[in-house]
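Each remark here refers to the structure printed beneath this line.
The values are calculated or read from the model by the stated rules, or taken from the named source; none is laboratory data. Note that the structure is a prediction, hence the values are computed from the model and not measured. Don't worry about glycine lacking a Cβ; one is built from the backbone with ideal geometry, like all the others, and counts go over all protein chains shown.
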Amino acid sequence: MTRSRARGDAGQVFPIYITVVGGLLFLAFAYLAVGQAAVNRNGAQTAADAAALAAAQETRDGLAGLWVQDVRDPAKWQDIFQGEGLGLADPCWRAHELAAQNDATVDDCDPDGMRFRVTVQANKTAGDSVIPATSTTKAHADAVAVIEPLCTFELPGEDAEEDVLPKLTCEAGDGKTDWELDPDDLGDLPGPEDLFDVHLAD
């Protein structure tokens with residue numbers, strides 16, 4: 001009688017054990033799927049950040065080039081430092097390039113003056129898992145990069161000599177750098193990174 005009852009109890013426990021183990025395995029795979037999805041989202045965010053920064057840096061380099069081109073005409077400097085009405089080329093090709101390098105595709109690139117918003121979609125899903133949506137859903141992310149001018153200047157007065165250029169004072173790390181510009185010797189000019197800062201918006 002006792003042995004029969006023990007075998008009966010064991011027979012009842014075994015299905016419960018299988019159910020518990022199956023549940024634990026399902027949870028483990030679910031956590032893995034969530035982790036894979038998080039990695040995919042992080043990858044998409046990295047791609048969006050890189051794409052937005054690339055578009056902003058492309059415009060920054062264009063602005064710096066215009067400033068060098070018009071360095072002898074200080075009346076044009078303010079518009080250059082504010083990025084206003086300059087007809088620069090669309091920088092979104094750089095956003096597409098950087099997104100592709102990070103295994104993503106640009107859904108939208110919206111340059112607005114000195115501000116650049118880019119939305120991307122990851123090229124891959126998180127992969128097959130116990131959560132069906134992860135096998136078909138691709139992560140999306142967006143980022144905004146901005147350009148900020150680092151330099152200030154004062155235009156010369158009406159009685160100033162025609163060939164005198166303003167002193168350019170630029171933020172440099174924890175301090176400031178003054179650029180004394182000689183129109184007869186323009187070999188040493190500030191570079192794009194001296195004139196403008198590019199960073200992701202908070």
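Here Trp67 fulfils each of the conditions (1) of a type in the set (A, V, I, L, M, F, W, C); (2) touching an Asp or Glu at 6+ places or on another chain (Cβ under 9 Å); (3) in a helix (DSSP H, G or I) apart from (2).
Each row is one residue, and each column tells you yes or no for (1) closer than 30 Å to Cys170 by Cα; (2) surrounded by 12 or more Cβ atoms within 10 Å (Cβ to Cβ); (3) at pLDDT below 90.
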| residue | (1), (2), (3) |
| --- | --- |
| Ala6 | no, no, yes |
| Pro15 | no, no, yes |
| Arg41 | no, yes, yes |
| Ala50 | yes, yes, no |
| Thr59 | yes, yes, no |
| Trp77 | yes, yes, no |
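The C-beta contact set for the stretch 173-194 (first residue touching a residue at least 12 places away in the same chain (Cβ under 8 Å) and surrounded by 11 or more Cβ atoms within 10 Å (Cβ to Cβ), second residue part of a loop (DSSP other than H, G, I, E, B) and among the acidic types (Asp, Glu), distance under 7 angstrom, 6+ apart or interchain) comprises Pro183/Asp163. The number of residues in the stretch 51-96 that are more than 17 Å from Asp110 (Cα to Cα), of a type in the set (Asp, Glu) and touching a residue at least 12 places away in the same chain (Cβ under 8 Å) comes to 1. Answer yes or no as to whether Leu168 is modelled with pLDDT of 95 or more and buried (at least 17 other Cβ atoms within 10 Å of the Cβ). Considered against the rule, which asks whether it is modelled with pLDDT of 95 or more and buried (at least 17 other Cβ atoms within 10 Å of the Cβ), Leu168 comes out as no. All conditions in (1) at pLDDT 95 or above; (2) in a loop (DSSP other than H, G, I, E, B); (3) not aliphatic (A, V, I, L, M) hold for Glu97, with the sole exception of (2). Considering only residues in the stretch 110-123 that are of a type outside the set (D, E, K, R) and surrounded by fewer than 22 Cβ atoms within 10 Å (Cβ to Cβ), the one that is modelled with the highest pLDDT turns out to be Thr119.
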